[in-house]
1. Check every one of the helices (runs of 4 or more DSSP H) wholly within segment 42-137 and list those with 3 or more residues that are at negative phi and exposed (fewer than 14 other Cβ atoms within 10 Å of the Cβ).
2. Please go through segment 277-293 and pick out each residue that is in a loop (DSSP other than H, G, I, E, B) and either open to solvent by 20 Å² or more (accessible area, probe 1.4 Å) or away from the ligand (no atom under 16 Å from the Cβ) (or both).
3. Using beta carbons and a limit of 8 Å, which pairs, at least six apart or on different chains, have the first residue in segment 375-388 and closer than 21 Å to Ile444 by Cβ and open to solvent by less than 30 Å² (accessible area, probe 1.4 Å) and the second one among the aromatic types (Phe, Trp, Tyr) and in a loop (DSSP other than H, G, I, E, B)?
4. Taking interchain pairs and intrachain pairs at least six residues apart, which have beta carbon atoms under 9 angstrom, with the first residue in segment 75-97 and farther than 22 Å from Leu188 by Cβ and the second open to solvent by 40 Å² or more (accessible area, probe 1.4 Å) and among the aromatic types (Phe, Trp, Tyr)?
5. Would you mind telling me which numbered condition in (1) open to solvent by 10 Å² or more (accessible area, probe 1.4 Å); (2) under 17 Å from the mean Cα position of the chain (by Cα) Glu27 fails?
6. I want to confirm something. Restricting to segment 301-322 and keeping residues that are open to solvent by less than 20 Å² (accessible area, probe 1.4 Å) and in contact with a Ser or Thr (Cβ under 8 Å, 6 or more places away or on another chain), which single residue is nearest to the ligand (Cβ to nearest atom)?
7. Tell me, please, whether a residue that is of a type in the set (D, E, K, R) and either away from the ligand (no atom under 16 Å from the Cβ) or touching a His at 6+ places or on another chain (Cβ under 7 Å) (or both) can be found in segment 122-132.
8. Within segment 139-152, count every residue that is more than 9 Å from the ligand (Cβ to nearest atom) and either surrounded by 18 or more Cβ atoms within 10 Å (Cβ to Cβ) or under 18 Å from Ala181 (Cα atoms) (or both).
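The values are calculated or read from the model by the stated rules, or taken from the named source; none is laboratory data. All of these numbers come straight from a predicted model, not from anything done at the bench. Cβ atoms come from the backbone with ideal geometry, glycine included; neighbour counts cover every protein chain shown. In case anyone asks, the SASA skips ligands and DNA or RNA and just uses the protein heavy atoms, side chains included. Shrake-Rupley method; radii C 1.70, N 1.55, O 1.52, S 1.80 Å.
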Amino acid sequence: MSEFDYDLFVIGGGSGGVRAARVAAGEAGAKVALAEEDRYGGTCVIRGCVPKKLMVFASEYASAAKEARAYGWDMADGDFHWDRFKEKLETELDRLEGVYRKLLKGSGVETFDARATLKDAHTVALSTGEVKTAKHILIATGGRPVRPDLPNAHLGMVSDDIFHLDALPKRVLIVGGGYIACEFACILNGLGVEVTQYYRGAQILRGFDEEARGLIAESMAQRGVDLHVGTDIVDMHCEEDEDGLTAPVEVTQYGAKGVEEVREVGKPIRVKATNGKTREFDAVFFATGRRPNSDELGLEALGIEIGRKGEIKVDGYSQTAVPSVYAIGDVTDRVNLTPVAIREGMAFVETVFKGNPTEVDHDLIPSAVFTQPELGTVGLSEEAARDQEEIEVYSTSFRPMQTAFAEGEGRVLMKLIVSKATRKVLGCHIVSPGAGELIQMVGIAVKMGATKEDFDRTVAVHPTMSEELVTMRNPVRTA
Ligand code: NDP
């Protein structure tokens, strides 16, 4: 008989926590409990990847209809009905949350719909008043969007709010140039919203390959996103008083849990930008980054180290400075992607419950940004690679057959970065429709250490866009 109530107590029912709990209970036979204070499925399923991707699909039909006409179809322009989509979306998210709960139950995991905090290295206190002990505690509490520190920032919404809107705004300002900003600029533009985007840096999608960033920025502008780089908000107000300035007015919730300060719906927000212009928008959407959910969990009192951004410090096995406490996923701010959190959860179970110490391999992770067109990427950008060693760059940008036939302007990019010394493909960057799907496959080859010559001896699939990846004969430049 164990001295603890459980072998494992997991805090957080998102992708990482649920997977670790299920595998520890179902495969390793551990006695497991999990506490979640909000909805099961976490950011990815409830307010991130899944609803976002469904919105991407919804937003692509407007241009599909236009293209269909060029292909000879009678296709009238129709209106998008947010209320119809939202109702279906909510039903789908309810279904998925049910699936998550069922999976946990089916694996024998006991669940608590409560907030959990750590009392000591083996004890968890629940908001229900219950106190539970466990041999191991796994923190998988994820992250949350943050607003920038500027006057009246509470007037703006964040990504959690967008799925709860009663109606789509007519004019939106998106602030930021990262994944979320660019994805939602494309989504809302596709759904018929007038989108302006302010990004403080010189080019959106910092950290990605520059040629890819440039093409995405150009495509977004072509499709109607009013993108301003080197631009940020100085000030924002909702209702003018005699001085021309205001205090925020009375509130109607945007809908997200925990957000109390909001604004009166229907009143435009006046935004003064660093370019000196003041413009009005019906909504401002901050996509200015996320922060790990490590606050008020009782961690520091236990001696668990927290980094400057709020991230829980862990070693390669996801173990904190307190040996019985582990942390995985966005709360550790390593690579903030759902499949990575899941990998970290599985590696934790291997290490702690299966006697097989396993570090998570964070190298060469393929990923996609679901802009229109998408960006699929794996490995090093040209800029990062050339800082590291001598390289050859193979790159081609062209109008794909489908778009060209419809006289569309959109171009795609297929790009390989190759090591001169080893001939290995160090990076691949694809900007095209479906790039997320393509990069998954290229990711396998790159992870296996494929050389440029391995790509070359693979026969092209014709006619496709991605055949260019195996037919680029000469480097466009060396560096
Ligand atoms: P990112 O860190 O990608 O981008 C944040 C953006 O906000 C940057 O452009 C940053 O500018 C800007 N910014 C930050 N602070 C301020 C400020 N005070 N004022 C103005 N601008 C500011 O965060 P996201 O929120 O877009 O995404 C968070 C994470 O979620 C991503 O890193 C990714 O890991 C994950 N994600 C993954 C997706 C996918 O796989 N498709 C989709 C969505 C999210 P600067 O560049 O100058 O720092």
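1. Details: elements: 42-47, 49-70, 82-106.
Passing ranges, in order: 49-70, 82-106.
2. Lys277, Asp282, Thr288, Gly289, Asn293
3. Leu375/Phe208; Thr377/Phe208; Ser381/Phe208
4. Correct list of pairs: empty, since none qualify.
5. Every condition holds for Glu27 apart from (2).
6. Checking each candidate, the answer is Gly310.
7. yes
8. 6
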